[in-house]
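See below for the structure under consideration.
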Amino acid sequence: MGQAQAKPAPGEINKVCPISGKPVDPSITVVYEGKTFAFAADVCREKFNAARENSLYHKLGGKAAIDAAVEAFYVKVLADDRINHFFNDINMNKQRRKQKEFLSAAFGGPIAWTGKEMRTAHANLPGLNETHFNAVAEHLQKTLQDLKVKKELIDQVMAIAASTRNDVLNRPNKAK
Ligand code: HEM
């Protein structure tokens, strides 16, 4: 992929350091996937770089790979009569965008999830149950297999998906 990136306008750069939460020093930046991130200190930039390099997000292939996977995933979901009725009145462009953002953040990508909690997002889906969740998980797994993602990484993705199960199904979380 081409690395030449246009310089962002100053207003487009974050003002709060994503690592420390402190105001940024605009001279301490890194460009990742075409987006400039600013930090409060060098150590924050190093932590950010290390987190990205080690993330499942990066190992899966970053934004392009996750975007492509979510597109293919919803083709399967919408073709499945066990679950497609849940999406009848849903704006699917928005849904695809949100799912890309959610999964990217859950896999350790550079941008935090600012959408709804999973419990709230799925609270108004009457009849949503275990069978539906399993169907969605099945499509996610099959999508990644189709895209020839390594089994080890698919297992990590499926563990993250499974961790949302109680929230998506609005069941109590087990006591720790
Ligand atoms: C791995 C499990 C799942 C994950 C990670 C997930 C993720 C998400 C996300 C990120 C949103 C958008 C939240 C927002 O608007 O901020 C969402 C909404 C939604 N999800 Fe899921 N979901 C999962 C399972 C399911 C299942 C099993 C179904 C039904 C078969 C489902 C149906 C929906 C619907 C219909 C919406 C739109 C709700 C609305 O806009 O009112 N999801 N989900």
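Every read-out reported here was derived from the displayed coordinates using simple, explicitly stated rules and does not represent laboratory data. Keep in mind that what you see is a predicted model, and the values were worked out from it rather than measured. Virtual Cβ from ideal backbone geometry, glycine too; neighbours counted across all protein chains shown.
Once both axes come from the Cα atoms, what is the angle between helix 42-54 and the longest principal axis of the chain, in degrees from 0 to 90, rounded to 10? Tilt relative to the chain: about 30 degrees. Cross-link reach is defined here as a Cα-Cα straight distance under 13 Å, omitting same-chain residues fewer than 8 places apart; for LYS15 the aspartates and glutamates meeting it are ASP25.
Just checking the listed ones, ALA51, ALA135, ALA123: in the Gaussian network model of the chain with Cα springs under 10 Å, the one fluctuating most is ALA123. What are the aspartates and glutamates whose alpha-carbon lies under 13 Å from the alpha-carbon of LYS76, with same-chain residues fewer than 8 places away excluded? Partners within reach: GLU138, ASP146.
Computed with the Debye formula from one identical point scatterer per Cα of the range 45-176, without solvent, the log10 of I(q)/I(0) at q = 0.13, 0.17, 0.19 Å⁻¹ comes to -0.56, -0.97, -1.21.
Past the 20 Å Cα-Cα mark, which pairs from LYS98/LYS148; LYS59/LYS151; LYS98/LYS150; LYS63/LYS100? With Cα atoms farther than 20 Å apart: LYS98/LYS148; LYS98/LYS150. When the chain is treated as a Gaussian network with alpha carbon springs shorter than 10 Å, the biggest mean-square fluctuation among ALA38, ALA50, ALA112 belongs to ALA50. Using a Gaussian network model of the chain with C-alpha springs under 10 Å, which one of PHE87, PHE39, PHE133 is most mobile by mean-square fluctuation? Fluctuation is largest for PHE87. This model, with +1 at the C-beta of Lys and Arg and -1 at the C-beta of Asp and Glu, gives the range 10-53 a dipole about its Cα centre of some 120 debye. For the chain, the longest principal axis of the alpha carbon atoms and the long axis of helix 62-78 meet at an angle near 20°. The C-alpha radius of gyration of the range 10-53, expressed as a fraction of 2.2 N^0.38 Å, stands at 1.01.
Each peptide in 164-172, 148-156, 72-80 was scored by the mean count of other Cβ atoms within 10 Å over its residues; highest first, the order is 72-80, 164-172, 148-156. Working from Cα pairs under 8 Å separated by at least six residues, relative contact order for the chain is 17 percent. Counting 0.36 nm for each residue step from ALA64 to ALA162 and taking away their Cα separation leaves a gain of 32.9 nm. With q set to 0.12, 0.13, 0.22 Å⁻¹, the log10 of I(q)/I(0) for the range 20-98, from the Debye formula over equal scatterers at the Cα positions, is -0.55, -0.61, -0.98.
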